1. Just add up the charged neighbours of Phe22: K/R +1, D/E -1, any other residue whose Cβ is under 14 Å from the Cβ of Phe22.
2. Calculate the dipole size of the range 1-41 relative to its Cα centre from +1 charges on Lys and Arg beta carbons and -1 charges on Asp and Glu beta carbons; express the result in debye to the nearest 20.
3. Let me spell out the model: positive unit charges on the Cβ of Lys and Arg, negative unit charges on the Cβ of Asp and Glu, origin at the Cα centre of the range 1-96. What dipole size does that give, in debye rounded to 20?
4. Any chance you could check the Cα centroid distance between the range 146-214 and the range 1-31 for me, in angstrom?
5. Run the quick spin-label model on Arg156 and His65: label points 7 Å from Cα toward the beta carbon, then report their separation in nm to one decimal.
6. Give me the accessible area of His50, 1.4 Å probe, in Å² rounded to the nearest 10.
7. Which order do you get for Lys98, Lys103, Lys142 if you rank them by accessible area with a 1.4 Å probe, largest at the top?
8. Placing +1 on the Cβ of each Lys and Arg and -1 on the Cβ of each Asp and Glu in the range 1-60, which of His24, Gln53, Val42 has its Cα farthest towards the positive end of the resulting dipole?
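The values are calculated or read from the model by the stated rules, or taken from the named source; none is laboratory data. Predicted model only: the values in this text are computed from it and were never measured. Positions of Cβ are generated from backbone atoms using ideal geometry, with glycine treated the same way; all protein chains shown enter the neighbour counts. For the accessible areas, the whole protein counts, side chains as well, though only heavy atoms, and no ligand, DNA or RNA atoms are used. Shrake-Rupley method; radii C 1.70, N 1.55, O 1.52, S 1.80 Å.
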Amino acid sequence: MSERFWIFDLDNTLHDATPHIFPHINRSMTAYLQQHLQLDEVEANELRVHYWQRYGATLSGLMRHHGTDPEHFLWHTHQFPELAQMVLRMPRLRHVLKALPGKKVVFSNAPQHYVHAVLKLLRVDDLFDDVMAVEHTRYRPKPDNFGFMRLLRRHRIQAAQCVMIEDSLENLHAAKRLGMRTIWVNSGNRNSPCVDVKIRDVMQLPRVLHRLGL
């Protein structure tokens, strides 16, 4: 049997980004749009949300419609002087990840400097064989297929070997279409045909592996 390949999203998958980190990023992105597109705060916030809903990432809309430099945007919107106080670490995360058989990678729409910093604060950075950040997808974030295909080629693996663990249903749709197994990190009642298994958080992973035939 081929080696299992675990693909983890970062924010709201390996840690809870909702209370502190996402509000900070949203404020930073809104401020960036205000400054660089000469918008007031309400207009900037509405445009940020619109691009996020339409393209899966605010950056995609900015690049497409305004020629925004992605490196400049990501650097200025992902500054976290108090990141250590903002990252919420699940105590047994390291134990759960270490017990998974096979290779593990992080595939995130965030910039690499942020991804590496968060993984280090979670104390799991050494458990991953690779990190694919948005820079490595030529700024074509999930759910665009480009990053998925690049990840498969980079590791010379087939989609059927992969299990994608993600909080975004749109990204899981993309993974499922390619032939990956999917685990949705979500505490709601909703379900979807693209989801093989749903869990409340990654701490539940060991209990559901049998449902994937693993």
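1. -2
2. Taking the Cα centre of the range 1-41 as origin, the dipole is about 60 debye.
3. My answer is approximately 400 debye.
4. 15
5. With each label placed 7 Å out from Cα toward Cβ, I get 4.4 nm.
6. In the full protein context, His50 sits at about 80 Å².
7. Solvent-accessible surface, decreasing: Lys98, Lys103, Lys142.
8. Of His24, Gln53, Val42, it is Gln53.
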